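Worksheet: the structure to be examined is printed underneath.
The values are calculated or read from the model by the stated rules, or taken from the named source; none is laboratory data. Computed from a predicted structure; not experimentally measured. Here the Cβ is made from the backbone with ideal geometry for all residues, glycine too, and neighbour counts use every protein chain on show.
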Amino acid sequence: MESSEHAPYSPPPGSSTPADAAMPRSVTLASAIDLDGFRDACRQLWAEQAEPGRVSWHAADDAEADLFEAAASPSPPTLAKAPPVQVPAAFLPLCEHVVLHRDTNRFGLLYRLLWRLQTEPALRHDALDADWVAAQQMAQAVRRDMHKMTAFVRFRELDEGDGRPPLHVAWFEPEHHVVEATAPFFARRFANMRWAILTPERSIRWDGAALAFGPGARRDEAPPADAGEALWLTYYRSIFNPARLKLAMMKREMPRKYWANLPEAALIDPLAAGAAERSLTMVQRDPSDPARRIPVRPQPTPGREPTPGGDAPRSLPALREALERCRECPIGDQATQAVPGEGLKHAKLMFVGEQPGDQEDLQGKPFVGPAGMLLNRALVELGIERRDAYVTNAVKHFKFELRGKRRIHKTPAQQEAAACLHWLESEIALIDPAALIALGATAARQLMGGVVAVTRERGKWLRRADGRRVLITLHPSALLRMDPEDKEAAWKAWLADLKKAAAVLSGGGL
């Protein structure tokens, strides 16, 4: 049925007369959680234009003779042809949870919402409506009860004496009708174990292949404590940390009403009572002697750059070997390997980027990822052979943060870049280039010894304290991050910057 917020309401064609619609109706569902029967009844009532206030809802007794005897499904009612009912997509999932609530008025609330959604189209956008709020609160209470059941069920082993594997039985007292809805979780979790969960209203049994549901049970039908429970209590007592005890939060997540069914609950009060004394004992105890000590790194001599292993490396192979041992900042502990520079020794041009990326970290070579491919393309257009240049980074390890399974680049902190500066200076001393090209802000800061405004200084030659000239430009990854419509202009401007470095190879001046 289509409704418009501005169109007046009219009954569907073929519906009952107003006098018939005003007659009281009584609906009896097959069980307390009969969602399919409820949906069928709603279609019938809507077709007959039975107003919510005239309908009373009931659930028939669903008792079985045997605890785990399968119950026959009720036959669906014969329905009159009903017009379509328009509801938001979230309404049916809401119903699936609300019908599990113990409130006796839950079916009346849902039918009232259904009726109002047809006659008051604006209702679907009114999140503060009292009926919406009440239904959402019921659904939330049911979801919470389902979660508590998955968290607080404790099985005890029962030997049935028939030569089969033991049956594991648990007792639980849910607040709402959540037993059947939660049963698939336990079937997946304990698929290879025979188990049963007894509750006052409904019980479940899993034989390793199929679930069976039966009537409720008494608490004394559950088995008493076993040897496995005593072992569990010993373990729980041993892992209890008084310094981390937050009793109020624990009671909020594990209310006292569940404690009667939890073996470890008997330990909570005595362990909590002695928590303060045990914490004081832990503080006063002498520190333990670790089995392994990390050697203390020697402090650098004032006025001299720190280099692991002593003096600055005197060759590129020695530099690469020293880099692998470097742990002067935390980045080296997380990276796959160090990534030294690569290229011609005594090259005239040295390109300096920020740090290795994901692919560089895996391959151990600089500029082999997407940014490296863009740099290679630029060098080809400028007529520069990459093997005739030297390509490196200001920071020699890959700094990243995990997002799922992906390693996302993270800019090195200034202290981390400063700890890596002496490696870059060693490379410059060993290569002795005629010119340096700073690709990005980190490289410019490291090469010039201070902050450089890359956007303002790009395309310019700056002079270092040692007399070497440095060309400032963007890092190729900056071009990769630009909007598609801006990339062509940015590429041409970047090539114009790098053309000034290419002049060095052709014998041009700086």
Inset, instruction - Looking only at region 325-348, decide whether some residue is in contact (Cβ under 8 Å) with a residue 40 or more places away in the chain and assigned to a strand (DSSP E or B). - result: yes
Legend entry - Boolean, Arg188 is free of Cβ contacts under 8 Å to residues at least 12 places away in the same chain, outside the structural domain of Ala32 (by TED's automatic domain parsing) and either surrounded by fewer than 20 Cβ atoms within 10 Å (Cβ to Cβ) or not small (Gly, Ala, Ser) (or both): yes
Inset, instruction - Report whether or not Ala419 is closer than 23 Å to Lys499 by Cβ and in contact (Cβ under 8 Å) with a residue 40 or more places away in the chain. - result: no
Inset, instruction - Could you please tell me which pairs satisfy a Cβ distance under 7 Å, a separation of 6+ or placement on different chains, a first residue in region 83-95 that is surrounded by 14 or more Cβ atoms within 10 Å (Cβ to Cβ), and a second residue that is among the small types (Gly, Ala, Ser) and in a helix (DSSP H, G or I)? - result: Pro83/Ala47; Leu94/Ala135; Leu94/Ala139
Legend entry - Candidates Pro313, Pro308, Pro356, filtered to the one that is part of a loop (DSSP other than H, G, I, E, B), modelled with pLDDT of 90 or more and not aromatic (Phe, Trp, Tyr): Pro356
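Every residue, every condition in (1) out of contact with any strand residue (DSSP E or B) (no Cβ under 6 Å at 6 or more places or on another chain); (2) surrounded by 16 or more Cβ atoms within 10 Å (Cβ to Cβ); (3) among the charged types (D, E, K, R), yes or no:
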| site | (1), (2), (3) |
| --- | --- |
| Leu110 | yes, yes, no |
| Leu114 | yes, yes, no |
| Arg124 | yes, yes, yes |
| Ala135 | yes, yes, no |
| Met138 | yes, yes, no |
| Leu158 | no, yes, no |
Inset, instruction - Would you mind stating whether Val55 is buried (at least 16 other Cβ atoms within 10 Å of the Cβ), over 13 Å from Trp115 (Cα atoms), at pLDDT 85 or above and more than 42 Å from the chain's Cα centre (by Cα)? - result: no
Inset, instruction - All but one of (1) out of contact with any strand residue (DSSP E or B) (no Cβ under 8 Å at 6 or more places or on another chain); (2) in a loop (DSSP other than H, G, I, E, B); (3) crowded, with 19+ Cβ neighbours inside 10 Å hold for Arg445, so report the exception by its number. - result: (2)
